[in-house]
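The values are calculated or read from the model by the stated rules, or taken from the named source; none is laboratory data. The structure displayed is predicted, hence computed values, not measured ones. Reconstructed Cβ throughout: ideal geometry from the backbone, glycine too, with neighbour counts over all protein chains shown. Note: areas computed on protein heavy atoms with side chains; ligands, DNA, RNA excluded. Shrake-Rupley method; radii C 1.70, N 1.55, O 1.52, S 1.80 Å.
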Amino acid sequence: MQQQLVSVLRDIGVQKKHAEYLADERQAMQTRFQREDYDDAAARAGKFAEGVVQVLQIEVDGKLKDESIREFAERYLDPETDLDTSEEIEKHIPNMLHTVWSIRSDRNAAHLNFEKPVRKSDARLGIALCSAMLVELIQEFASDTDEFG
């Protein structure tokens, strides 16, 4: 499954290192979740979100920028930002990024706050949002003739 994901991402133009990073983080998220390590699964969702931001910066902005996930999402959600992309890229993915980052940071998954552990439902939501972001990326960058587009 992991190699298939890398292959699909490469087919739509994602650089090899970014395709491998997203596939590795997705696999790590799911493995940690299956082991009931919800804190690390949520932290991995945050790392995956960082990878999505890098892919979009390269594919849409044309270069990597030094901005946080929240800064990136806010920039894309700003109606004044002139992007030549779909509503999914300008609206849906940035909103999903906000939610994943909130689970990772605001609920302290990244800092392993043992007083406030990440709930199973939060980890599951993070994984689902990452999967949804993957679908949106594939749909956005696949050509109409691609079998997965």
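Points worth noting:
- Residue in the stretch 107-149 that is modelled with the lowest pLDDT, counting only those that are β-branched (Val, Ile, Thr) and open to solvent by less than 40 Å² (accessible area, probe 1.4 Å): Val118
- When the stretch 13-31 is filtered for residues that are buried (at least 20 other Cβ atoms within 10 Å of the Cβ) and either free of Cβ contacts under 8 Å to residues at least 24 places away in the same chain or of a type outside the set (Lys, Arg) (or both), the ones remaining, listed by number, are Val14, Ala19, Tyr21, Leu22, Ala23, Glu25, Met29.
- For the stretch 4-33, residues that are outside any helix (DSSP H, G or I) and over 18 Å from Leu56 (Cβ atoms) total 0.
- Selection of the stretch 67-90 for residues being farther than 14 Å from Leu56 by Cα and open to solvent by less than 60 Å² (accessible area, probe 1.4 Å) yields only Thr81.
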